[in-house]
1. Looking at region 4-47, which of the residues that are among the charged types (D, E, K, R), modelled with pLDDT under 75 and within 28 Å of Ala81 (Cα to Cα) is farthest from the ligand (Cβ to nearest atom)?
2. Taking into account only those residues within region 56-75 that are among the charged types (D, E, K, R) and away from the ligand (no atom under 14 Å from the Cβ), which is farthest from Cys32 (Cα to Cα)?
3. Looking only at region 29-76, count every residue that is within 13 Å of the chain's Cα centre (by Cα) and not in a strand (DSSP E or B) and tell me the total.
Amino acid sequence: MVGGTSFKPWTVTGSNPSACIMNDNDDDCPNCGKSQIETRTETQTVQYKCTILNIDIPVRKCLDCNFEYTDHEAEDLIDTAIREWRFYHENK
Ligand SMILES: [Zn+2]
């Protein structure tokens with residue numbers, strides 16, 4: 001009998017705490033680094049070929065320095081909207 005199912009094809013060789021912290025601080029202001037961020041939804045107009053798409057994206061505003069920015073969530077939404085538009089209009 002072969003005992004145990006403890007074999008793993010991988011081992012943990014270490015950790016990278018700074019990478020984890022960077023992920024956790026995803027919502028910090030890129031301008032001043034503070035985390036007092038307010039999110040509002042704004043309709044962004046995106047042109048794709050000859051079509052204008054109106055896409056609701058989250059816009060972040062730092063309450064500390066009033067810096068406004070969009071992050072990867074907005075990019076993802078725009079990507080998804082364009083992909084869906086293409087699916088409905090080009091895959092017929
Ligand atoms: Zn700021």
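The values are calculated or read from the model by the stated rules, or taken from the named source; none is laboratory data. This one's a predicted model, so the numbers in the text were calculated from it and none came from an experiment. Positions of Cβ are backbone-derived with ideal geometry, glycine not excepted, and every protein chain shown enters the neighbour counts.
1. Taking region 4-47 as the starting set, the residues that turn out to be among the charged types (D, E, K, R) are 8, 24, 26-28, 34, 38, 40, 42.
Now restrict to residues that are modelled with pLDDT under 75: 8, 24, 26.
Checking the rest, the ones that are also within 28 Å of Ala81 (Cα to Cα) come to 24, 26.
Values: Asp24: 18, Asp26: 14 Å.
Looking at residues that are among the charged types (D, E, K, R), modelled with pLDDT under 75 and within 28 Å of Ala81 (Cα to Cα), I get Asp24.
2. To start, the set of residues in region 56-75 that are among the charged types (D, E, K, R) comprises 56, 60-61, 64, 68, 71, 73, 75.
Then keep just the ones that are away from the ligand (no atom under 14 Å from the Cβ); that gives 56, 73, 75.
Values: Asp56: 26, Glu73: 20, Glu75: 22 Å.
It comes out as Asp56.
3. First pass over region 29-76, keeping only residues within 13 Å of the chain's Cα centre (by Cα): 57-60, 69-76.
From what's left, not in a strand (DSSP E or B): 70-76.
So the answer is 7.
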